[in-house]
Amino acid sequence: MNKNTEPQPVIDELAQPAGTLRFLVFGIFLVVGVALLGYFGTERLGEPIFLAILGVFASVGIFFLFSLLLGFVRLTSSKNGDAFSSTLLADMDTGLVVADYENRIVYANKAYTRLLGISGEDEVSSIESLFSRRPEASDVVYKMANAAKDGSSKSEEVRLSSGLKNGEEGARWFRLGARKVDSSVGGKPLIAWQISDITRDRVAQENAFQQLQDAIHYLDHAPAGFVASEESGALVYVNATLADWLGIDLTRFEPGSMKMQDIISADNIALFESIKKSSSTETTTVIDLDMMKSDGKLLPVRLYHRLPYSSDGAPGATRTLVINRAAVAGEGDGTSDAEIRFTRFFNSTPVAIAGVSKDGRIIRTNASFQRIFETVIADEGPVPGMQYKCMVPDDDRQQLEDLFDKALSGQGEIQPVDLPIHGQQERYVRLFVSPVADTDEASEDGAPARENEERVIIYAMETTEQRALEDQFAKGQKMQAVGQLAGGIAHDFNNVLTAIIGFSDLLLNNHKPSDPSFQDIMNIKQSANRAASLVRQLLAFSRRQTLRPQVLHLSDVLFDLRMLLDRLAGDQIELSIKHGRDIWPVKADVSQLEQVIVNLVVNARDAMSDNGKLEIRTTNVDADEIRKNHSQPEFVPGDYVMLEIEDEGTGMSPEILDKIFEPFFSTKEVGKGTGLGLSMVYGIIKQTGGYIYPETALGEGTTFRVFLPRHVVEEKADEELAAGEADKKAEPAKDLTGNATILLVEDEDAVRAFGARALISRGYEVHEAASGVEALEVMEDYGDEIDLVVSDVVMPEMDGPTLFGEIKKSHPDLKFIFVSGYAEEAFAKNLPEEDREKFGFLPKPFSLKQLAETVKEMLSA
């Protein structure tokens with residue numbers, strides 16, 4: 001044990017002798033310097049050697065002078081610092097004691113002696129000595145002392161059953177700290193101990209914790225639910241009452257493991273989120289909605305929601321009180337139950353509803369309103385409080401204001417209006433505005449009407465998808481109408497062209513090439529053939545041309561067209577073709593598909609004035625990708641082969657894009673295009689069962705994407721079809737004469753006259769009929785003699801397919817050839833399935849040779 005000690009100032013005893021010595025050396029050098037100056041005289045001051053000697057003495061003298069001054073300052077600082085440290089340590093509130101490794105006290109401040117309750121000359125015990133007698137703390141202190149000896153600082157809190165002072169009863173808490181001191185006394189290392197009585201703080205903490213436990217116990221067993229969540233929606237706390245209502249297992253619940261979206265129904269989550277966004281102050285918001293139980297059932301509740309803010313304005317964790325409205329309704333008279341049903345209807349309806357005050361402020365909304373106008377609320381302000389006019393763009397607000405004023409005044413019926421959503425002009429809503437009963441007048445008890453009362457109800461139904469479908473339907477109707485017109489014109493033209501080409505062939509048969517008229521007749525036929533080409537394009541657009549589909553691969557088609565496409569693109573255009581891997585087969589008319597590719601490449605070339613890149617790509621697109629990336633309304637999901645043709649041209653505006661597939665529409669100069677190229681492409685692709693979609697922007701080029709249905713190969717059927725077509729090509733009919741009897745049915749006199757003369761010139765006997773009814777009369781007279789019927793399809797009174805059916809009743813094996821300006825499929829689908837393979841087909845316009853070949857092949861079959 002040691003007496004109570006106070007720190008003494010440590011003074012460097014060498015400071016005074018060292019200072020005296022430095023002063024003496026400085027004086028000697030100063031005297032020697034003066035003597036040298038007197039001996040040599042001032043007249044030799046300018047000599048170099050003298051200046052050097054004098055500089056050395058001056059430097060040494062100045063060095064010792066500064067050393068003297070520094071020693072004085074150091075001496076003064078040491079004295080002042082020791083006094084300051086002594087005062088600071090003595091007045092500390094924390095007890096401090098310094099002892100060596102053998103627990104001999106070197107220093108103890110006043111706070112330490114107060115903790116021990118000693119004064120005057122009482123003995124002071126070290127920390128280790130004091131706590132070694134306390135079993136509850138001896139082990140802790142022992143470990144702290146060893147750690148300090150190893151150079152580590154350590155701090156611990158210990159609880160003693162009684163105080164350190166003699167006779168002090170009751171448990172006390174102390175905070176201990178120990179560290180090794182850098183200096184030593186008598187060569188013995190020291191440990192500095194700090195000790196504080198923290199009993200009051202710990203008691204306060206325990207009381208607060210107990211209060212918190214009591215509060216949690218109260219919340220857990222309160223008759224109302226309680227939930228706290230972070231700004232992200234993660235649940236921090238759920239009380240036992242709410243957990244029981246929703247079926248949440250609290251033994252597995254951890255903060256952050258669930259979100260508000262997990263316990264609020266999907267129809268109501270938007271409404272709840274809007275409360276968080278609109279809460280700019282610490283206000284309590286009341287809202288009725290449905291929570292979702294773990295079994296999927298809905299629980300009607302009333303939420304009292306509060307969003308606290310910190311001092312810096314940042315939102316904190318939300319606190320929400322939950323009232324089970326189902327339980328309240330069960331105890332009432334039915335009014336609450338009706339209110340629950342209304343609230344559920346109000347928030348679950350897909351129609352957005354907003355109650356608006358007289359001054360235009362939105363007072364109340366449902367969940368659908370929060371969902372549909374989410375971006376508007378984010379930009380224009382919170383709900384309630386936002387002006388109803390903000391729902392639509394500035395240019396359309398006058399229309400909505402007129403409806404609102406009409407509703408307030410109660411003037412007549414208010415018609416709905418379709419307007420875009422503010423900030424999202426591509427989305428549309430149909431707005432219905434209806435008035436609420438006027439409550440401006442005082443009530444019966446004299447109370448004034450509420451300022452925040454709804455005066456107008458606005459209903460909003462999103463019509464974005466409906467408008468898209470309507471636009472698509474209108475465009476389809478327009479294209480169909482134009483197609484029908486084009487097809488009708490083409491059909492009539494085909495009849496005229498058939499007569500022109502046919503009679504030209506008859507004239508050519510009667511003229512030698514050396515005749516002066518021969519070339520004139522050839523010019524007539526060539527012009528008719530060019531007109532027939534235009535008619536075919538019209539038929540392609542109207543999807544009424546005859547196709548000869550076959551199984552093929554796009555890669556093979558592009559390979560065969562490569563040289564032609566290079567020539568069409570020209571030297572200034574860099575053409576590249578990228579083939580996809582393992583491209584699926586498609587079934588299409590190869591000549592028509594080639595025409596599609598050629599037309600698209602030519603258009604791409606014309607869109608690039610000087611030079612650029614033109615890229616053709618093929619790839620497979622499965623049904624999942626179609627659903628994910630191609631959401632056009634008419635697109636039927638399935639497996640497709642996609643052909644892309646991309647250019648770096650001028651692109652197209654939306655106005656032009658809407659018209660590119662219309663026949664006779666062209667952006668080229670007069671005389672450089674017929675306006676039928678893309679309409680023909682559109683018709684061929686549609687008739688093949690595919691789709692074509694352009695993607696373009698002004699100045700950014702254009703990409704056409706053609707989707708052709710994947711063909712699932714049936715090897716045997718396809719091989720037989722290919723072999724049959726090969727046989728037909730390998731063995732063309734050479735002798736076009738015959739002696740059969742043919743019934744020719746055609747309502748166009750010129751076409752019928754040409755056909756009859758052509759067949760008679762080849763040796764056939766021909767019976768003519770101007771209609772289906774007349775043809776049946778001929779069959780009654782000559783039915784057993786007739787070997788073949790050649791009939792037009794579209795005729796008055798009775799068309800070709802009907803005639804075919806009537807003749808088959810009495811002559812089931814009679815051969816039949818249909819002649820039409822429309823596609824074979826246009827009428828074949830109306831025939832019985834068993835008869836679809838029992839006839840031939842000859843498309844108009846046709847030449848004499850084509851007519852003779854078709855008749856010969858049919859009779860030989």
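The values are calculated or read from the model by the stated rules, or taken from the named source; none is laboratory data. Just so we're clear, the structure is a prediction, and the values are computed from it rather than from any experiment. No Cβ is skipped: glycine too gets one built from the backbone with ideal geometry, and neighbour counts run over all protein chains shown. Side chains are part of the model used for accessible areas, which takes the heavy atoms of the whole protein and leaves out ligands, DNA and RNA. Shrake-Rupley method; radii C 1.70, N 1.55, O 1.52, S 1.80 Å.
Hey, could you check segment 775-798 for residues that are outside any loop (DSSP other than H, G, I, E, B) and free of Cβ contacts under 8 Å to residues at least 24 places away in the same chain and say which is nearest to S847 (Cα to Cα)? Step through it out loud before you land on a result.
First pass over segment 775-798, keeping only residues outside any loop (DSSP other than H, G, I, E, B): 775-782, 788-792.
Of the ones still in play, those that are also free of Cβ contacts under 8 Å to residues at least 24 places away in the same chain are 777, 780-781.
Working: E777: 29, E780: 31, D781: 30 Å.
Among those residues, the one meeting the criterion is E777.
Scanning segment 222-254 for residues that are in a loop (DSSP other than H, G, I, E, B) and among the acidic types (D, E), we see that the one that is surrounded by the most Cβ atoms within 10 Å (Cβ to Cβ) is E230.
Quick one: is L219 over 28 Å from R114 (Cβ atoms), open to solvent by less than 60 Å² (accessible area, probe 1.4 Å) and modelled with pLDDT under 85?
Values: over 28 Å from R114 (Cβ atoms): yes; open to solvent by less than 60 Å² (accessible area, probe 1.4 Å): yes; modelled with pLDDT under 85: yes.
In short, yes.
Residue pairs whose Cβ atoms lie under 7 Å apart, separated by 6 or more positions or on different chains, with the first residue in segment 348-363 and touching a residue at least 24 places away in the same chain (Cβ under 8 Å) and under 19 Å from S409 (Cβ atoms) and the second open to solvent by 50 Å² or more (accessible area, probe 1.4 Å) and in a strand (DSSP E or B), are G355/R364; G360/Q387; R361/Q387.
Pick from L164, L160: which is of a type outside the set (V, I, T), at pLDDT 85 or above and open to solvent by less than 60 Å² (accessible area, probe 1.4 Å)?
Working: L164 fails: at pLDDT 85 or above.
Going through L164, L160 in turn, just one is of a type outside the set (V, I, T), at pLDDT 85 or above and open to solvent by less than 60 Å² (accessible area, probe 1.4 Å): L160.
Residue-wise test of (1) open to solvent by less than 80 Å² (accessible area, probe 1.4 Å); (2) outside any strand (DSSP E or B); (3) farther than 25 Å from E426 by Cα; (4) modelled with pLDDT of 80 or more.
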residue: D333; (1), (2), (3), (4): no, yes, yes, no
residue: F346; (1), (2), (3), (4): yes, yes, yes, no
residue: I363; (1), (2), (3), (4): yes, no, yes, yes
residue: F369; (1), (2), (3), (4): yes, yes, no, yes
residue: V376; (1), (2), (3), (4): yes, yes, no, yes
residue: Q399; (1), (2), (3), (4): no, yes, no, yes
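The residue that is modelled with the highest pLDDT, among those in segment 167-193 that are surrounded by fewer than 10 Cβ atoms within 10 Å (Cβ to Cβ) and within 27 Å of N146 (Cα to Cα), is D182.
Looking only at residues in segment 131-160 that are part of a helix (DSSP H, G or I) and of a type in the set (K, R), which one is farthest from F174 (Cα to Cα)? Looking at the filtered set, the residue picked out is K149.
Sub-9 Å Cβ pairs linking a first residue in segment 454-467 that is open to solvent by less than 10 Å² (accessible area, probe 1.4 Å) to a second residue that is at pLDDT below 85 and not in a loop (DSSP other than H, G, I, E, B), at least 6 apart or interchain, are A460/S368; T463/E470, ordered by first then second residue.
Which residue, of D610, D571, D566, is acidic (D, E), farther than 30 Å from D471 by Cβ and modelled with pLDDT of 85 or more? Just a single option satisfies the conditions, and that option is D566. Please determine whether any residue of segment 818-826 is buried (at least 17 other Cβ atoms within 10 Å of the Cβ), touching an Asp or Glu at 6+ places or on another chain (Cβ under 7 Å) and at pLDDT 85 or above. Within segment 818-826 (the criterion being buried (at least 17 other Cβ atoms within 10 Å of the Cβ), touching an Asp or Glu at 6+ places or on another chain (Cβ under 7 Å) and at pLDDT 85 or above), the answer is yes, since at least one residue qualifies. Here is the figure for segment 598-622: residues that are open to solvent by 20 Å² or more (accessible area, probe 1.4 Å) and of a type in the set (A, V, I, L, M, F, W, C) total 3.
From the list V383, V433, the lone residue that is buried (at least 17 other Cβ atoms within 10 Å of the Cβ), modelled with pLDDT under 85 and touching a Phe, Trp or Tyr at 6+ places or on another chain (Cβ under 8 Å) is V383.
Residue under question is G355, and the condition is that it be surrounded by 16 or more Cβ atoms within 10 Å (Cβ to Cβ) and of a type outside the set (S, T, N, Q); does it hold? So G355 fits the description; yes.
Among S257, S196, which is the only one that is hydroxyl-bearing (S, T, Y) and either open to solvent by 40 Å² or more (accessible area, probe 1.4 Å) or within 52 Å of the chain's Cα centre (by Cα) (or both)? Result: S257 is the single residue among S257, S196 that is hydroxyl-bearing (S, T, Y) and either open to solvent by 40 Å² or more (accessible area, probe 1.4 Å) or within 52 Å of the chain's Cα centre (by Cα) (or both).
Among the conditions (1) open to solvent by less than 10 Å² (accessible area, probe 1.4 Å); (2) farther than 23 Å from A532 by Cβ; (3) of a type in the set (V, I, T), the only one that T802 does not satisfy is (1). Among the residues of segment 582-593, is any of a type outside the set (G, A, S), surrounded by fewer than 16 Cβ atoms within 10 Å (Cβ to Cβ) and within 23 Å of E700 (Cβ to Cβ)? No; the residues of segment 582-593 include none that is of a type outside the set (G, A, S), surrounded by fewer than 16 Cβ atoms within 10 Å (Cβ to Cβ) and within 23 Å of E700 (Cβ to Cβ). Reported count of residues in segment 490-525, each being open to solvent by 70 Å² or more (accessible area, probe 1.4 Å) and at pLDDT below 85, is 9.
Does E123 satisfy being touching a residue at least 40 places away in the same chain (Cβ under 8 Å), surrounded by fewer than 13 Cβ atoms within 10 Å (Cβ to Cβ) and not aliphatic (A, V, I, L, M)? Spell out how you get there, then give the answer.
Working: touching a residue at least 40 places away in the same chain (Cβ under 8 Å): yes; surrounded by fewer than 13 Cβ atoms within 10 Å (Cβ to Cβ): yes; not aliphatic (A, V, I, L, M): yes.
In short, yes.
Considering each of T737, T702, T741 in turn, give the residue that is at pLDDT 90 or above and within 23 Å of A758 (Cα to Cα). Only one candidate passes the filter, namely T741.
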